[in-house]
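Remarks on the structure that follows.
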Amino acid sequence: MIVRIASGITGFDSLTTAGDDLGLGLGGIPENTVTLIYGPPEVGKSNFCHGFAYYGLTQDEPCLYLTTDMGINEISQNFKDMELVLDEYLENKMLYVVDAVSNDDESAPYDWHQSVSVRNPTDILVKVTSGARSISQKNPRLRGVIDSLTTILESNNEMLIVRVLKTYILRLKEAGATAVITYTEGSSDPRTEILIKSMVDNIIRLNGKKITIEAMKGIGRKEAHYQITERGIVIDGNDD
């Protein structure tokens, strides 16, 4: 049986139910796997990350959040706009943010907020690894987010980032994490995109109207329409 964790995305767990005859086909994201969320710009990839991370926090699952597109203050505001408040989880060291956007002197009164340069993937990896190790010592289950891989690829040698990503995935799996990574379709060399897809366990594409499960442990290809609402992504139902 494949153990799955609740995604926090309305309708997603129903979409990913395996439908077996034993009544064990609970939906969600397979535990201790890495999922690539990709598609064109502005289709809800970050919204997916927000819902995934926040739901885990409400279930006492810490989150290691690497952000390369939005600083800590913008992330906090986006969550507040969705009526989700992060302050308690930052103060309680449940949310560990590795921030490649904010300046070192930007207001961030939390211990678990680390600033890095998007042009220094080695430092990013060191801080992510340190964060994963620290969290896993206190909790056997955690969630990981990279939002987004695109910015790191655009700022560095692509093959270097592929190697760094491989190590990142290894470290998170060693820590028992279940992770999601966002990527903007077509933003890197096609060969790099193929390599990225080959390293993850699950692949999900968003196009602004439809979510497509292209690959996921335990289920076949599935599609459904979705909407981006004030409270995040809402999946309407299985189109199969």
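Values quoted throughout were computed directly from the atomic coordinates according to the rules given, and no laboratory measurement underlies them. No experiment lies behind these values; they were computed from the predicted model shown. FYI the Cβ positions are ideal-geometry reconstructions off the backbone, even for glycines, and counts take in every protein chain you see.
At 0.36 nm per residue, and after removing the present C-alpha to C-alpha distance, how many nm does the segment from Thr229 to Ile2 gain when stretched out fully?
78.7 nm
Can you list the HN-Hα couplings for the stretch 160-172, worked out from phi with the Karplus curve (6.51, -1.76, 1.60; θ = phi - 60°), rounded to whole Hz and with x for Gly and Pro?
Rounded to whole hertz, the list is 4, 5, 4, 5, 5, 4, 4, 5, 4, 4, 4, 5, 5.
For the stretch 53-168, what's the radius of gyration and Dmax over Cα atoms, in angstrom?
13.7, 39
Applying 1/(1 + (r/R0)^6) with R0 = 22 Å to the Cβ-Cβ distance of Glu154 and Arg133, what FRET efficiency is obtained, to the nearest 0.05?
Here the calculated transfer efficiency is 0.20.
At a temperature of 10 °C and a viscosity of 1.306 mPa s, determine how fast the stretch 34-103 diffuses translationally according to Stokes-Einstein, using the Kirkwood radius over alpha-carbon pairs as Rh; express D in µm²/s, rounded to the nearest whole number.
In µm²/s, the coefficient is 126.
For the ranges 82-94, 176-188, what's the packing order if you count other beta-carbon atoms within 10 Å of each residue, average per peptide, and put the highest first?
176-188, 82-94
For every helix of n ≥ 4 consecutive DSSP H residues, a contribution of -39,500 (n - 2.57) applies; sum these over the chain, divide by its total residues, and give [θ] at 222 nm rounded to the nearest 500 deg cm²/dmol.
Result for the chain: -10500 deg cm²/dmol, rounded to the nearest 500.
Return the percentage of antiparallel bridges among DSSP beta bridges fully within the chain, rounded to the nearest 5 %.
On the way: 17 of 46 bridges.
Once the DSSP bridges in the chain are tallied, antiparallel ones form about 35 percent.
Counting only pairs 8 or more places apart or on different chains, how many lysine pairs in the stretch 118-240 have C-alpha atoms closer than 25 Å?
17
Using a Förster distance of 41 angstrom, determine the FRET efficiency expected from the C-beta separation of Lys166 and Met82, and round it to 0.05.
It comes out at approximately 0.80.
When N is the residue count of the stretch 142-197, what does its C-alpha Rg come to as a fraction of 2.2 N^0.38 Å?
Working it through for the stretch 142-197, the quotient is 1.11.
State the Kirkwood hydrodynamic radius of the stretch 95-240 in Å, one decimal place, computed from all pairs of distinct Cα atoms.
Kirkwood hydrodynamic radius for the stretch 95-240: 17.0 Å.
Can you give the net charge of the other residues whose Cβ lies under 13 Å from the Cβ of Thr35, counting K and R as +1 and D and E as -1?
Net local charge, Thr35 excluded: +3.
Around Gly144, under 10 Å between beta carbons, what's the net of Lys plus Arg minus Asp minus Glu among the other residues?
Taking every Cβ under 10 Å from that of Gly144, the sum is +3.
Output the relative contact order of the stretch 56-171, whole-number percent, from Cα pairs under 8 angstrom with separation of 6+ residues.
34
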